[in-house]
Amino acid sequence: MVEATKLNSTFAELGMDASFVQQAGLLGLQTIADVMSVNLPKLKKHPKFTYTWYANMLDLLQAHNLLKKFQADQL
């Protein structure tokens, strides 16, 4: 399981690029913990949502061994 400190680290602290961090901020997300608790259908309707950003977010979750949990929580 990912360390609790990583869940609460900002995307910039986790090494994500500036455009990802900026778009996440526009979506109201600052940390992996925010992503793990997001209402995905609502997020996908946000005017600033893009599937390119979403794919990068899924890669981030995979890198921290959280992708399966995220997917299971969204079902």
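For the structure I just gave you, tell me whether Ala33 is part of a helix (DSSP H, G or I), surrounded by 13 or more Cβ atoms within 10 Å (Cβ to Cβ) and within 10 Å of the chain's Cα centre (by Cα).
When the stated conditions are applied, Ala33 passes them.
Take the residues in region 21-35 that are in contact with a Phe, Trp or Tyr (Cβ under 6 Å, 6 or more places away or on another chain) and touching a residue at least 24 places away in the same chain (Cβ under 8 Å), then tell me which one is farthest from Leu75 (Cα to Cα).
Gln23
Of all residues in region 36-59, which are surrounded by fewer than 13 Cβ atoms within 10 Å (Cβ to Cβ) and among the aromatic types (Phe, Trp, Tyr)?
Within region 36-59, just Tyr51 meets the criteria.
In region 36-69, what residues are assigned to a loop (DSSP other than H, G, I, E, B) and without any contact (Cβ under 8 Å) to a residue 24 or more places away in the chain?
If the condition is that a residue be assigned to a loop (DSSP other than H, G, I, E, B) and without any contact (Cβ under 8 Å) to a residue 24 or more places away in the chain, then Ser37, Val38, Asn39, His46, Pro47, Phe49 are the ones that fit.
Please specify each residue of region 14-30 satisfying the condition of being part of a loop (DSSP other than H, G, I, E, B), at pLDDT 95 or above, closer than 14 Å to Leu60 by Cα and aliphatic (A, V, I, L, M).
The answer is Met16, Leu29.
The values are calculated or read from the model by the stated rules, or taken from the named source; none is laboratory data. In this text the structure is predicted, and so the values were computed from the model without any measurement. Note: ideal-geometry Cβ built from the backbone for every residue, glycine included; neighbour counts use all protein chains shown.
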